[in-house]
Amino acid sequence: MKLFLDTADIAEISKANETGMIEGVTTNPSLIKKSGGDPIEVVKEIASTFSKLESISAEVVADTAEEMIDQAHAFEGIWNVTIKVPCTVEGLKACLALTVAGYNVNVTLVFSVAQAILAHRAGAKYVSPFVGRLDDNSFDGVNLIGDISKTFGEHFTTTQILGASIRQVPQVGQCFMKGANICTIPSKVFWGMYKHVLTDQGLSLFDRDWKEVQSHL
């Protein structure tokens, strides 16, 4: 069970990385837009600053496989950059070519088992079902994770399931219980995982009792 942080904010990544609990970072054009930087340079900076993390994603945005491949070459030689491509005909053509060339590829915007199968066939290291967006459209995103996991497991697939578009803390546990290998989560969800009202109550009780014991020493 691995956790990636879904952000392009260096400060957010740094704070979470200090905990030792995250093993990668996912970005997308929307997140990079928020950072205000050049997409290529932002990803390179993240990959360099957090060089021990296993995967820093860089999403290519183009209409053709050739254009996507050309964009991916900007990250050639950066060991921990994973290229994100969409689950489209052109995106999967790019995935196949990039995988052959030695890149790690994450096929994103996956909303069905059929799409996940195609991503595996194209050589993807990661496949990203979008849990929250499925829920928004009256589909069960967590159950899709389970369906993909069952299908991959029956065929000994090495492609890893990366649960994406996760918006609530409970969804993290639910995705892992359904077979996700990784969950990528925004900072709010990451820090929310530490919180529970009963933990707070227990700490308060222990603190009170400790102070009482100390007062009698």
Counting other beta carbons within 10 Å of each Cβ, put H120, H216 in order, fewest first.
-> H216, H120
Along the chain, longest interval not containing exposed GluC sites (Glu not before Pro), exposed being DSSP loop plus at most 13 other Cβ atoms within 10 Å | 77-217
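So which chymotrypsin sites (Phe, Trp or Tyr not before Pro) in the range 66-130 end up in coil per DSSP with only 15 or fewer other C-beta atoms within 10 Å?
Numbers: sites: F75, W79, Y103, F111, Y126, F130; in loops: W79, Y103, F111.
Counting only loop positions with at most 15 other Cβ atoms within 10 Å, the chymotrypsin sites (Phe, Trp or Tyr not before Pro) in the range 66-130 are W79.
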Report the calculated FRET efficiency for H196 and R121 (r = Cβ-Cβ distance, R0 = 35 Å), to the nearest 0.05.
-> 0.25
What is the calculated FRET efficiency for V89 to L203, with r their C-beta to C-beta distance and R₀ = 45 Å, to the nearest 0.05?
-> 0.25
Contour minus end-to-end for K188 and I10, with contour as 0.36 nm per residue of separation and end-to-end as the Cα-Cα distance?
-> 62.6 nm
Assigned charges on the beta-carbon of Lys, Arg, Asp, Glu; the chain dipole about Cα centre (debye) = 400
Euclidean distance between Cα centres, the range 141-170 to the range 65-139, Å = 15
Say a site is exposed when it is one of the trypsin sites (Lys or Arg not before Pro), sits in a DSSP loop, and has at most 11 other Cβ atoms within 10 Å; what is then the longest site-free stretch of the chain?
-> 53-194
Cβ under 15 Å from A122's Cβ, A122 left aside: what net charge do those residues give with Lys, Arg +1 and Asp, Glu -1?
-> +3
Using label points projected 7 Å from each Cα along Cα→Cβ, tell me how many nm separate I78 and I40, to one decimal.
-> 1.0
Amide H of C87: which non-local residues (sequence gap of 5 or more, or other chain) have their own amide H closer than 5 Å, using H built in the peptide plane?
-> T108
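Using the C-alpha atoms of the range 44-192, what convex hull volume per residue, in cubic angstrom, is computed?
It comes to 114 Å³ per residue, whole-number rounded.
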Which one of A11, A180, A124 has the biggest mean-square fluctuation once the chain is modelled by GNM with Cα springs under 10 Å?
-> A11
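Assuming 0.36 nm per residue, please report the length gained on full extension of the stretch V100 to S48 beyond their Cα-Cα distance.
Gain on extension, V100 to S48, equals 16.3 nm.
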Report the residue, chosen from F156, F190, F176, that carries the largest GNM mean-square fluctuation when the chain is represented by alpha-carbon nodes joined by springs under 10 Å.
-> F156
At what distance in nm do the modelled label points of D135 and E66 sit from each other, each positioned 7 Å from its Cα along Cα→Cβ?
-> 4.2
In nm, to one decimal, how far is the modelled label at H216 from the one at D147, with both set 7 Å along Cα→Cβ?
-> 6.1
Estimated [θ] at 222 nm from DSSP helical runs (n ≥ 4, -39500 (n - 2.57)) normalised by residues in the chain, nearest 500 = -14500 deg cm²/dmol
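Read the figures in this text as sums done on the coordinates, not as results from a lab. Fair warning: this is a prediction, and the values are worked out from it, not measured in the lab. Counting neighbours? That spans all protein chains shown, and the Cβs are built from the backbone with ideal geometry, glycine included.
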